[in-house]
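Everything on this sheet refers to the single structure shown next.
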Amino acid sequence: AGRTGDLDRFPRLFWYHRPLARRTVQEDLLPAWAEAVLRGDTGDARARLAAARSIAEEWEAQTSDASLLSAVAEIERAAGFTREQLARGYQALGAAARAHATFDYAAVDAEAERALAALPKDSLATKWALVLRLDCAIYVAGAVEPLAHTLLDDPATDMATRGRALWLVALWRAKRGEFPDALPDYLNAIELYAQLDERDPVVWLRDFVGEA
């Protein structure tokens with residue numbers, strides 16, 4: 001909408017595609033910023049970060065969740081070695097997300113681990129890398145509970161990532177036949193996604209609850 005000058009349409013389009021908008025920042029624009037930084041293309045890096053900020057600002061305006069804006073601001077403040085490490089971390093995070101889209105769980109885990117090695121420990125992006133590793137753990141018999149506790153016990157974990165972690169843990173429990181234990185996690189995930197008004201996850205999770 002912004003490219004055509006019809007900026008009034010942007011908030012409504014964002015509202016209709018809220019989960020996609022969030023993941024575009026996390027898995028597309030910030031990794032694209034990273035790629036541009038690492039190849040020395042300052043113009044493209046600036047453009048990608050500006051686009052991420054625009055979506056992050058609209059995200060906060062519509063959800064009161066400042067997590068995306070916090071991630072953008074961390075990059076904007078960074079310089080020198082910290083900026084390079086953020087770039088390397090986001091580059092790996094983008095690769096992990098692309099591998100996840102093709103169900104290449106070995107690559108997801110490897111790239112998410114590479115992201116965690118590069119990113120500052122207090123960076124919000126570490127939570128995004130950890131939840132990808134949690135997803136892998138469920139499907140390749142990994143250490144589900146330690147990863148889940150790392151995310152869910154940390155008050156700094158953003159709402160969408162917390163919701164995804166709860167969803168994954170509930171799915172893991174349901175696959176093991178532990179339906180009574182899975183139900184509270186499903187319901188807590190629904191509550192978090194409902195607070196963000198991400199309608200698609202709410203619908204899918206309610207379907208899972210019905211099946212359980």
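The values are calculated or read from the model by the stated rules, or taken from the named source; none is laboratory data. Model, not experiment: these values are computed from the prediction. In this analysis, Cβ positions are derived from the backbone assuming ideal geometry, glycine residues included, and neighbour counts consider all displayed protein chains. In case anyone asks, the SASA skips ligands and DNA or RNA and just uses the protein heavy atoms, side chains included. Shrake-Rupley method; radii C 1.70, N 1.55, O 1.52, S 1.80 Å.
Structure notes:
- Only one of the numbered conditions (1) in contact (Cβ under 8 Å) with a residue 24 or more places away in the chain; (2) in contact with a Lys or Arg (Cβ under 9 Å, 6 or more places away or on another chain) is violated by Ala125, and that is (2).
- Inter-residue pairs, beta-carbon under 6 Å, first under 21 Å from Glu111 (Cα atoms) and open to solvent by less than 40 Å² (accessible area, probe 1.4 Å) and in the range 69-87, second at pLDDT 95 or above and not in a helix (DSSP H, G or I), 6+ apart: Leu86/Ala78
- Every pair of residues 6+ apart whose Cβ atoms lie under 8 Å, when the first sits in the range 52-65 and is closer than 14 Å to Glu198 by Cβ while the second is part of a loop (DSSP other than H, G, I, E, B): Trp59/Asp65; Gln62/Asp197; Thr63/Leu196; Thr63/Asp197; Asp65/Asp158; Asp65/Leu196
- Inside the range 22-48, residues that are touching an Asp or Glu at 6+ places or on another chain (Cβ under 7 Å) and open to solvent by 20 Å² or more (accessible area, probe 1.4 Å) make up a count of 0.
- Taking the criterion of being among the β-branched types (Val, Ile, Thr) and at pLDDT below 95, the only residue of the range 27-57 that qualifies is Ile55.
- Here Glu57 passes the criteria (1) touching a Leu at 6+ places or on another chain (Cβ under 8 Å); (2) surrounded by fewer than 16 Cβ atoms within 10 Å (Cβ to Cβ); (3) outside any helix (DSSP H, G or I) except the one numbered (3).
- Every residue from the range 142-153 that is of a type in the set (Asp, Glu) and either under 22 Å from Ala56 (Cα atoms) or at pLDDT below 95 (or both): Glu145
- For Pro184, the stated conditions do not hold, so it cannot be described as outside any helix (DSSP H, G or I), surrounded by fewer than 23 Cβ atoms within 10 Å (Cβ to Cβ) and on the phi < 0 side of the Ramachandran plot.
- Selection over the range 138-154 of residues that are in contact with a helix residue (DSSP H, G or I) (Cβ under 9 Å, 6 or more places away or on another chain), surrounded by fewer than 21 Cβ atoms within 10 Å (Cβ to Cβ) and of a type in the set (Gly, Ala, Ser) gives a count of 2.
Residue-wise test of (1) at pLDDT below 95; (2) closer than 27 Å to Glu84 by Cβ; (3) surrounded by fewer than 22 Cβ atoms within 10 Å (Cβ to Cβ); (4) among the polar types (S, T, N, Q).
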{"position": "Ala99", "(1), (2), (3), (4)": "no, yes, yes, no"}
{"position": "Arg176", "(1), (2), (3), (4)": "yes, no, yes, no"}
{"position": "Ala189", "(1), (2), (3), (4)": "no, no, no, no"}
{"position": "Val202", "(1), (2), (3), (4)": "yes, no, yes, no"}
{"position": "Asp207", "(1), (2), (3), (4)": "yes, no, yes, no"}
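- Total residues in the range 116-166, condition outside any helix (DSSP H, G or I) and not charged (D, E, K, R): 10
- Residue match in the range 16-25 (condition: of a type in the set (D, E, K, R) and closer than 19 Å to Gln85 by Cβ): no
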